[in-house]
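Values quoted throughout were computed directly from the atomic coordinates according to the rules given, and no laboratory measurement underlies them. The structure presented is a predicted model; accordingly, all values stated were derived computationally and were not measured. Virtual Cβ from ideal backbone geometry, glycine too; neighbours counted across all protein chains shown.
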Amino acid sequence: MLRFRLLSFFPSPISSSSSPVYKPHTRNRFLFLNKLSSQMGSYTTASESQLSGSKKLLFRQLFEKDSSTYTYLLADASHPDKPALLVDPVDKTAERDLSLVKELGLKLIYAINTHVHADHVTSTGLIKSKVPGVKSIISKASNAQADLLIEPGDKVYFGDLFLEVRATPGHTLGCVTYVTGDGPDQPQPRMAFTGDALLIRGCGRTDFQGGSSETLYKSVHTQIFTLPKDTLVYPAHDYKGFTVSTVGEEMKYNPRLTKDEAGFKGIMENLNLPYPKMMDVAVPANVLCGLQDVESKAN
């Protein structure tokens, strides 16, 4: 049984919801996952009237053009320390991201990844070298290194809010989707950070890193399409200029995942995509939390 505890820089609970939370799936592990209440400072896709349950979440959607990667910044703007986390940060934009964190007066505590990326080097290792105390997070199934290895059912607490971990393998063996919590004190509508498992009107390829079309189809339909239809979908990439979708939209309009399983597998088997140009560099680096890239920059 896994017990979640506050890190040392949160010396006292900030609310009654700060009591330890237990999860049933893992044994003999402690994850020191903070609770972070959140303020929606700038929500790029919804008006304030749509966010009645999420006025505390500060949220930013950031873009890296070379790999068409989205990085997401979430923070608790109401807590005195303003703790924050980054989802899928990229090495090329590490300085930009850290500058934004500083400008907004936030305290970065986590740099987390949805999976081991093949098209860019994560900046988690670089960020850790520049900001002492930041913890890296990735799934245990990814077989990659990180300070905290999460599993399905884990909850990454930040203030009064949390990200729920859902296993969504298929693009890679270790893909997870991070979903904001369910409840009246959690952001509404919910938000799903889907990595490459579900893209806007598409999905990640399944022809390397232990990918499987059958597995991906089941992951999306059982772990993402079962979320409320108004859940906002924030993928790790977009190549057509889209910034956000919803579960309901993808269930209705996604040209791949609206097919039955056989039709989906047929599409995926005939994509004929080129070999990712960064894969031979990105995957080995990302397995080591991007540390290979940090070492090369230091030399």
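Across all directions, the shadow cast by the convex hull of the range 203-299 built on its C-alpha atoms averages 7.9 square nanometres. Ordering of 229-236, 86-93 by packing is 86-93, 229-236, highest average first (other Cβ atoms within 10 Å, averaged per residue).
For the range 85-124, what is the convex hull volume of the alpha-carbon atoms per residue, in Å³?
52
Pairs K56/K92; K65/K107; K92/K277: which exceed 18 Å Cα-Cα? In this structure, K56/K92; K65/K107 lie more than 18 Å apart at Cα.
Straightening the chain between Q61 and T258 buys 68.2 nm, computed as 0.36 nm per residue apart minus the Cα-Cα spacing. With a cut-off of 11 Å on the backbone N, the residues of the range 230-258 near the modelled label site 7 Å out from S68 along Cα-Cβ are 237-242.
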